Amino acid sequence: MQGDLGNNERVADPIIYVEQRIAAAFAKVGGAAAVGIDTAVRQSDRADAQVNGSLALAKAMGLTPREVALKVLEVVDLKDICSDAQVAGPGFINLTFKNEFLARELMASSTGKKLGVRNATKPRKVLIDYSAPNVAKEMHVGHLRSTVIGDALVRMLTYVGNEVVRENHVGDWGTPFGMLIEHLVDLGETHAAEELSVGDLDSFYRSARKKFDESETFQTRARTRVVALQSGDAETLRLWKLLVAESNRYFQKIYHTLGVLLEPTDVMGESAYNELLPQVTTRLGALGMMTKSDGADVVFPEGFTNRENQPLPLIIRKTDGGYNYATSDLACVIDRVERIDAELLLYVVGAPQAQHLQMIAAVATQAGWLKAPREMVHVSFGNVLGADKKMLKTRSGDTVKLDALLTEAVERAAKAVAEKNPDLTAEAQAEIARIVGIGAVKYADLSTDRIKDYTFDWDRMLSFDGNTSPYLQYAHARICSIFRRANVERASVRNFEPTISHVAERELAMKVLQFDSALWDTLDKYSPHRLCTYLYDLATSFSSFYEQCPVLKAENENEKNSRLMLCDLTARVMQAGLEVLGIESPEQM
RNA sequence: GCCCUUGUAGCUCAGUGGAUAGAGCACCGGACUUCUAAUCCGUUGGUCGUAGGUUCGACUCCUACCAAGGGCGCCA
């Protein structure tokens with residue numbers, strides 16, 4: 001996925017800006033030899049940016065890298081951009097940007113529509129499958145990552161101009177519903193609804209399970225009920241819908257607390273694909289892809305083997321004639337491609353499903369349902385671990401309920417707020433605690449590489465030091481505070497072209513201008529932690545600036561306005577960055 | 001047995017084929033009559049799991065091995 005300049009948004013990142021000129025210079029110097037050479041301009045700790053292409057090109061041209069670099073510098077025109085461009089070390093070109101150039105780029109970012117972020121070159125219709133809780137089961141910590149990562153991707157993809165379709169693949173069908181409905185009948189609808197509406201889904205499920213395990217007559221009832229459900233018995237469906245509705249109401253409550261965009265209309269439960277299931281078998285049959293194996297209808301996609309090194313089947317129709325999740329997932333692909341016409345299908349699903357999803361993709365591709373440029377991507381993620389390095393559990397060994405987890409987050413944050421800022425009203429404290437607590441949980445989840453497991457640690461995620469959301473939020477709040485003190489409207493400084501002089505101003509300016517690169521880099525890999533790392537760097541640069549560069553007591557009016565402009569832009573980037581991660585930015589803390 | 005993922009400082013984690021591998025915590029030492037010290041600045045700390053290979057150049061790409069976790073036929 002690529003960014004584009006065609007949205008009236010001038011590219012703000014000086015590194016991207018200079019890249020085009022450098023590439024042209026390399027082509028001029030190297031001619032045919034330069035084709036395929038990486039001329040990318042990169043961030044550097046020795047200068048504002050560095051160019052490495054000379055080292056790669058030298059051999060093909062029969063010159064030393066330094067000679068190539070000198071030739072490139074002869075050809076390239078950087079007068080308006082760089083104050084310095086030097087060959088260094090074995091043949092790197094170190095670039096130093098003019099402060100006036102940085103100031104112009106800051107203006108472009110400040111007055112642009114999206115803080116310098118480019119729109120997608122070709123906006124796509126993107127479908128995101130995420131969250132996926134189960135009806136009549138509590139949402140627990142296992143649903144956290146899918147929900148939070150999926151929500152962040154929705155926001156980021158939307159921000160750069162894609163059309164995003166959210167789908168919550170709720171587990172609302174299957175054999176457990178026989179016992180759940182019978183349990184509902186036993187309790188009486190009113191009482192059952194009460195129990196479900198207070199969110200005590202686990203005990204409901206456990207009681208049903210217990211009866212099922214202990215009573216043969218209950219088992220028989222449950223099995224009969226499953227048959228009735230699948231054959232569309234009206235009364236059974238009515239009871240089933242009751243369960244689904246109560247559960248969805250509860251999920252929505254959690255989503256609201258968590259601050260994710262999922263709505264009831266985004267629910268596309270497994271049951272939604274029931275009518276498509278027979279079509280999956282007939283279409284695969286018509287394509288000649290299905291074979292009988294041990295009584296079941298299966299497809300053998302290429303490249304998958306089992307324990308005995310035999311071809312591994314994807315079971316489409318079980319020996320008993322029933323369908324399973326593979327069938328349902330294939331129906332999903334058909335629906336998403338043919339009805340919704342999504343071009344990119346994102347599955348924000350745990351890593352253990354990798355092979356299953358690969359098989360689904362393989363079969364769907366072989367069947368001709370998934371054709372380039374349509375693509376299916378597994379956005380996989382690892383587990384949430386406790387301090388013991390095992391799956392996070394409560395002290396008593398139960399799964400951690402999401403509801404309880406979020407409540408505790410806000411409580412812990414409230415304690416910190418009360419301690420640090422007791423002068424605020426109770427209402428203000430509660431609101432800040434909510435934003436900080438929820439933000440901390442989400443940020444902890446988003447800020448490490450999603451592919452890895454991560455260790456859940458209250459103290460660390462709520463700390464104001466290090467790569468945490470409170471630290472980022474604090475940077476934002478401090479800026480808001482400056483404007484409150486100055487009694488200056490934020491918007492009034494946005495057209496002021498700043499003068500960059502202090503080294504800390506420069507550092508901060510460079511960081512602010514990298515928002516676009518950071519966001520696109522994040523989208524490129526569907527890895528929100530990259531944006532987190534950027535925002536943390538931005539906050540660090542700001543904190544350093546804040547220490548060294550007085551704003552309200554600047555030496556003169558120009559310096560003061562310059563710094564106010566830089567502060568406002570920093571705050572806006574921070575706020576926008578956090579927002580696409582699904583995290584709010586309080587104005588005071 | 002086959003396949004996938006992970007392995008970086010005492011701990012938690014970043015790291016785009018480029019120069020001297022970076023943060024935070026912890027440890028030690030500094031800075032509040034100051035725009036929020038919920039902060040900042042400095043010191044200490046590394047066989048990048050191991051061994052080969054590709055390359056001008058490897059934490060990064062390839063191969064093998066070691067370790068941890070996960071997956072591998074009718075649950076979803």
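Here are some notes:
- The distance between label points at A:Lys389 and A:Thr111 comes to 5.7 nm (points 7 Å beyond Cα on the Cα→Cβ vector).
- DSSP beta bridge pairing in chain A, given as percent antiparallel to the nearest 5: 60
- Each of the peptides A:227-235, A:310-318, A:563-571, A:473-481 was scored by the mean count of other Cβ atoms within 10 Å over its residues; in descending order, highest first, they stand as A:563-571, A:473-481, A:310-318, A:227-235.
- Straight Cα distances below 16 angstrom link A:Lys560 to the aspartates and glutamates A:Glu489, A:Glu497, A:Glu505, A:Glu547, A:Asp568, with same-chain residues fewer than 8 positions distant left out.
- Amide proton proximity set for A:Met376, modelled H, under 5 Å, gap of 5+: A:Leu345
- Residue list for region A:322-350, given a label point 7 angstrom along the Cα-to-Cβ vector of A:Lys371 and an amide N cut-off under 18 Å: A:333-345
- Restricting region A:510-566 to GluC sites (Glu not before Pro) in coil, as DSSP defines it, with at most 15 other Cβ within 10 Å: A:Glu555
- Between A:Lys125 and A:Lys292, the contour length at 0.36 nm per residue exceeds the alpha carbon distance by 56.4 nm.
- Applying both filters, DSSP loop and at most 16 other Cβ atoms within 10 Å, to the trypsin sites (Lys or Arg not before Pro) of region A:360-408 gives A:Lys371, A:Lys389, A:Lys390, A:Arg395.
- Using alpha-carbon coordinates, inclination of helix A:14-30 to the longest axis of chain A, degrees: 70
- Taking 7 Å steps out from each Cα toward its Cβ at A:Arg10 and A:Arg46 produces label points 3.1 nm apart.
- Nitroxide proxy distance, nm - points 7 Å out along Cα→Cβ at A:Ala351 and A:Ser544: 3.3
- Summing charges over neighbours of A:Val363, with a neighbour being any other residue whose Cβ is under 13 Å away from its Cβ, gives -2 when K and R count +1 and D and E count -1.
- Working note: Cα atoms of chain A, range along each principal axis, descending, whole Å: 85, 67, 42.
- Span from the region A:327-395 Cα centroid across to the region A:242-311 one, whole angstrom: 10
- Computed over region A:329-413, Cα set: Rg, Dmax in Å: 18.3, 52
- Evaluated at q = 0.10, 0.17, 0.20, 0.22 Å⁻¹: base-10 log I(q)/I(0), Debye formula over Cα of region A:403-507: -0.40, -0.90, -1.04, -1.15
- Förster-model FRET efficiency, 56 Å R0, A:Glu216 and A:Ala27, C-beta, rounded to 0.05: 0.10
- Axis of helix A:426-446 versus longest Cα principal axis of chain A: the two differ by about 90°, to the nearest ten degrees.
- In sequence order, calculated HN-Hα J values of region A:94-109 (Karplus, 6.51, -1.76, 1.60; Hz; x Gly/Pro): 9, 10, 10, 7, 5, 4, 5, 5, 4, 4, 4, 5, 4, 4, 4, 5
- Note: relative contact order over chain A, using C-alpha pairs below 8 Å and six or more positions apart, is 15 percent.
- In terms of overall dimensions, the C-alpha atoms belonging to region A:3-97 reach 43, 28, 21 Å along their principal axes, ordered largest to smallest.
- The lysines within cross-link reach of A:Lys390, meaning a Cα-to-Cα straight distance under 18 Å and a gap of 8 or more places when in the same chain, are A:Lys401, A:Lys452.
- Our estimate of slack between A:Phe304 and A:Ser481, defined as 0.36 nm per intervening residue step minus the Cα-Cα distance, is 57.8 nm.
- Here is the list for region A:259-302: GluC sites (Glu not before Pro) lying in DSSP coil, each with at most 14 other C-beta atoms within 10 angstrom of its C-beta, are A:Glu302.
- Principal-axis tilt of helix A:528-548 within chain A, Cα atoms, nearest 10 degrees: 40
- Taking the average, over residues, of other Cβ atoms within 10 Å as the packing measure, peptides A:575-586, A:438-449 rank A:438-449, A:575-586 from highest down.
- Protection proxy ranking for A:121-134, A:450-463, using the average of other Cβ atoms within 10 Å per residue and placing the highest first: A:121-134, A:450-463.
- Using C-alpha pairs under 8 Å with a sequence gap of at least 6, the mean separation divided by the residue count of region A:176-260 gives a relative contact order of 43 percent.
- Whole-Å distance, taken between Cα centres, linking region A:430-481 and region A:148-203: 27
Values in this text are rule-based calculations from the coordinates and carry no lab data. Since the structure is predicted, the reported quantities are computational estimates derived from the model, not experimental observations. So basically every Cβ, Gly included, is an ideal-geometry build from the backbone, and we count neighbours across all protein chains shown.
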